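Engineer: This is the structure I have questions about; it appears just below.
Only the coordinates and a few stated rules stand behind these numbers; no lab work does. Nothing here was measured: the structure is a model prediction, and the numbers come from that model. In this analysis, Cβ positions are derived from the backbone assuming ideal geometry, glycine residues included, and neighbour counts consider all displayed protein chains.
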Amino acid sequence: MIKQAIIPLAGLGTRLLPLTSVFAKELLPINGKPGIEYILDECIEAGIKEIIFIISKKKEMIKRYFYNDQFYKKIIKRKKDQRIIKEYKKILKYKKMIKFVYQDKPLGTGDAVLKTKKYINDKFFLMLLPDDLIIKKNCSKSMIKINTRYKCSVMASMRVNKKSVSRWGIYKLGKKLNKENYFIKNVIEKPSISNAPSNQAVIGRYILPKSIFSKLSKQKPGKGGEIHITDAIQSLIYEDNKFIAHSFSGKYLDCGSMQGYIKSTLEIAKL
Ligand code: G1P
């Protein structure tokens with residue numbers, strides 16, 4: 001079973017400016033609860049025991065959110081408010097599971113993953129991109145089951161509008177395992193419409209093998225000058241490592257843009 005998850009949180013959040021000029025987008029409330037807590041709850045429910053946050057100096061607000069013990073203790077002593085006690089206990093539960101590592105330059109998701117190298121113990125680990133919320137069905141849990149069964153990497157997949165392929169990592173799918181799962185033949189980061197091998201996109205849930213670190217340490221910057229996890233995955237696939245695309249059944253919400261963020265709030269309020 002997979003026990004460790006990593007969450008890249010050092011991104012600048014330019015799609016949510018001007019808010020993100022002073023605020024960490026992952027702490028923005030979605031129906032009263034910070035977005036990151038939905039991601040943490042998904043991990044916990046999927047059986048994850050340790051979560052590594054990759055932050056930057058600019059995103060230290062995230063660390064402070066989980067490390068504000070003195071503040072809570074003082075208030076609780078004075079007020080004995082049950083709601084505050086409950087919230088503090090929840091924060092403590094999360095805090096126990098989280099480790100922080102730093103990525104000081106936003107060099108891309110691949111570079112962020114590389115920062116966690118010395119903390120990963122097992123053959124596989126989970127990565128969740130915090131902009132991508134998946135509700136109604138625990139995608140990580142389903143993917144962990146697939147990993148346990150097939151002993152290989154798994155990535156979340158969703159059909160997108162053909163016109164939007166250049167916004168996503170795009171799969172070339174191979175052999176069908178069953179209705180929801182296919183082997184991946186190739187994956188291309190943000191291709192043009194004419195170069196896209198399909199309209200099946202990568203969504204931010206990945207079960208990656210530890211062997212990805214040696215690929216990442218040699219990897220040259222790709223699209224937009226960034227080190228992409230997609231490119232390292234492509235190298236592993238070329239070397240015959242098995243990757244499965246899992247077409248998840250939950251509902252995808254994009255919290256990384258203002259329009260998506262507003263829609264997410266409305267969708268979650270309906271649950
Ligand atoms: C990242 C990945 C991309 C994936 C997307 C899903 O892109 O690089 O392959 O399709 O997440 O949200 P970003 O959103 O960081 O541009």
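Engineer: Please sort 99-105, 16-22 by packing, taking for each peptide the average over its residues of neighbouring beta carbons within 10 angstrom, highest first.
Structural biologist: Values: 99-105: 14.4, 16-22: 12.3.
Top of the packing list down: 99-105, 16-22.
Engineer: Compute the angle between helix 258-269 and the longest alpha-carbon principal axis of the chain, please, reported from 0 to 90 degrees and rounded to the nearest 10.
Structural biologist: 70 degrees
Engineer: Can you figure out the FRET efficiency of residue 81 with residue 41, using R₀ = 35 Å and their beta-carbon distance, to the nearest 0.05?
Structural biologist: On the way: r = 23 Å, r/R0 = 0.66.
That gives a FRET efficiency of 0.90.
Engineer: Rounded to the nearest 500, what is the 222 nm mean residue ellipticity of the chain from helices alone, with -39500 (n - 2.57) per DSSP H run of 4+ residues and division by all residues?
Structural biologist: On the way: 9 runs with 92 residues, N = 271.
My calculation for the chain gives -10000 deg cm²/dmol from helical runs alone.
Engineer: What percent does the relative contact order of the chain come to when contacts are Cα pairs within less than 8 Å and at least six residues apart? Don't skip to the answer; put the middle values down first.
Structural biologist: Numbers: 489 pairs, mean separation 65.6, N = 271.
Dividing the mean separation by the residue count of the chain yields 24 percent.
Engineer: Given a Förster distance of 41 angstrom, what is the FRET efficiency for residue 123 paired with residue 270, based on the Cβ-Cβ distance and rounded to 0.05? Display every interim value, and only then the final one.
Structural biologist: Working: r = 39 Å, r/R0 = 0.95.
The calculated FRET efficiency here is 0.55.
Engineer: Moving to a separate point now. Between residue 213 and residue 242, how many nm apart are label points set 7 Å from Cα along the C-beta direction?
Structural biologist: For the pair residue 213/residue 242, the computed spacing is 2.4 nm.
Engineer: On to the next question. What whole-number volume per residue, in cubic angstrom, does the convex hull of the C-alpha atoms of segment 1-135 give?
Structural biologist: Numbers: hull volume 17.2 nm³, N = 135.
Enclosed volume per residue, from the Cα hull, is 127 Å³.
Engineer: By counting other Cβ atoms within 10 Å of each Cβ, how are 132, 231 ranked from fewest to most?
Structural biologist: Values: 132 20, 231 23.
Result, fewest neighbours first: 132, 231.
Engineer: What does the charge count around residue 238 come to, taking other residues whose C-beta lies under 13 Å from its C-beta (Lys +1, Arg +1, Asp -1, Glu -1)? Mind showing how you got there, number by number?
Structural biologist: Working: positive: 172, 185, 215, 242; negative: 231, 239, 240.
Overall, the nearby charge balance is +1.
Engineer: Does anyone have the angle between helix 139-150 and the longest principal axis of the chain? Alpha-carbon axes, 0 to 90°, nearest 10?
Structural biologist: 50 degrees
Engineer: Could you state the angle between the C-alpha long axis of helix 69-79 and the longest principal axis of the C-alpha atoms of the chain, as a value from 0 to 90 degrees rounded to the nearest 10?
Structural biologist: Helix 69-79 sits at roughly 40 degrees to that axis.
Engineer: With only Lys, Arg, Asp and Glu charged, each at its Cβ (+1 for the first two, -1 for the last two), find how big the charge dipole of the chain is about the Cα centre; round to the nearest 20 debye.
Structural biologist: Values: 55 positive and 23 negative charges, 153 e Å.
Here the chain has a charge dipole of around 740 debye.
Engineer: Computed FRET efficiency, Cβ-Cβ of residue 152 and residue 223, R0 30 Å: what is it to the nearest 0.05? Show your work: numbers first, answer last.
Structural biologist: Values: r = 26 Å, r/R0 = 0.86.
With a Förster radius of 30 Å, E is 0.70.
Engineer: Around residue 167, with a cut-off of 15 angstrom between Cβ atoms, what is the net charge of the other residues, counting Lys and Arg +1 and Asp and Glu -1? Before the final figure, lay out each step's value.
Structural biologist: Working: positive: 15, 159, 162, 163, 190, 223; negative: 131, 132, 189, 226, 254.
That works out to +1.
Engineer: Oh, and also: To one decimal place, what orientation-averaged projected area in nm² is obtained for the convex hull of the Cα set of the chain? Write down the numbers at each step before the final one.
Structural biologist: On the way: hull surface 59.1 nm².
For the chain, the mean projected area of the Cα convex hull comes to 14.8 nm².
Engineer: Something else: Please compute the net charge surrounding residue 210, taking Lys and Arg as +1 and Asp and Glu as -1 over other residues with Cβ under 10 Å from its Cβ. Present the calculation step by step, with values, prior to reporting the outcome.
Structural biologist: Numbers: positive: 117, 123; negative: 122.
So the surrounding residues net to +1.
Engineer: Kindly put 78, 15, 167 in sequence by how many other C-beta atoms sit within 10 Å of each C-beta, fewest to most.
Structural biologist: Details: 78 9, 15 17, 167 12.
Fewest to most other Cβ atoms nearby, the residues stand as 78, 167, 15.
Engineer: What is the order of 149, 205, fewest Cβ neighbours within 10 Å to most? Walk me through the numbers on the way to the answer.
Structural biologist: Numbers: 149 12, 205 26.
Least to most surrounded, the residues fall as 149, 205.
Engineer: Rounded, prolate or oblate for segment 113-176? Axes are the square roots of the Cα gyration tensor eigenvalues, ordered a ≥ b ≥ c, and the cut-off for rounded is a/c under 1.5. Don't jump to the answer; show the numbers that get you there.
Structural biologist: Numbers: a/c = 1.66, a/b = 1.41, b/c = 1.17.
Prolate.
Engineer: So if I take the centroid of the Cα atoms in segment 41-60 and the same for segment 1-39, what is the distance between those two points in Å?
Structural biologist: Using only Cα atoms to place each centre, the spacing works out to 10 Å.
Engineer: Here's a follow-up. Of 33/93; 59/185; 151/223; 93/190; 190/263, which ones are farther than 26 Å apart at the Cα? Before the final figure, lay out each step's value.
Structural biologist: On the way: 33/93 16 Å; 59/185 36 Å; 151/223 30 Å; 93/190 37 Å; 190/263 24 Å.
With Cα atoms farther than 26 Å apart: 59/185; 151/223; 93/190.
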